[in-house]
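Below is one structure; the comments refer to it alone.
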Amino acid sequence: MHGLFYSTEERALRDFIKEKLQLPSTDTGGGWLIFDTPEADLGVHPTDGMSPPSGTADISFYCDRIEETVEELKSRGVEFTQDIADHGYGLVTYFRVPGGFDVQLYEPRYEK
């Protein structure tokens, strides 16, 4: 699977993912980085068509121990915009990325 973020601050977002999230990457030329993720999954969620609109795509990151991961990312300068909360399917929080939007981080309750 190949996912995309669109950002008004694409270079800063690439640097953020490389330096703060420390995902390995391949430079495909001209500073265009393709980031490697160890694994991925895909879910399909219902919507009333209003919030979010049908067709909305969402990217989130997951981890095994959210409290430890949040502390590690904070030590690298990552800003979290919400406290960790139980959403039923897992423990969830959000962090701010360049371009002015938030990305979800969660610890799933289901078996990975």
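Brief remarks on what is shown
- Cα gyration tensor category, rounded, prolate or oblate, for segment 1-92 with a/c compared to 1.5: oblate
- Near the amide H of Tyr62, within less than 5 Å, lie the amide hydrogens of Tyr106, all on another chain or at least 5 residues away, with H placed in the peptide plane.
- Integer Hz, Karplus 6.51/-1.76/1.60 couplings in order for segment 34-48, x for Gly and Pro: 10, 8, 8, 10, x, 6, 8, 9, 9, x, 10, 10, x, 8, 7
- In segment 1-50, the chymotrypsin sites (Phe, Trp or Tyr not before Pro) that fall in loop regions by DSSP, at most 12 other Cβ within 10 Å: Tyr6, Trp32
Bear in mind that the values in this text are calculations on the coordinates, not laboratory data. Just so it is clear, the structure is predicted and the values come from calculations on it, not from any experiment. Glycine also receives a Cβ, built like all others from the backbone with ideal geometry; neighbour counts cover every protein chain displayed.
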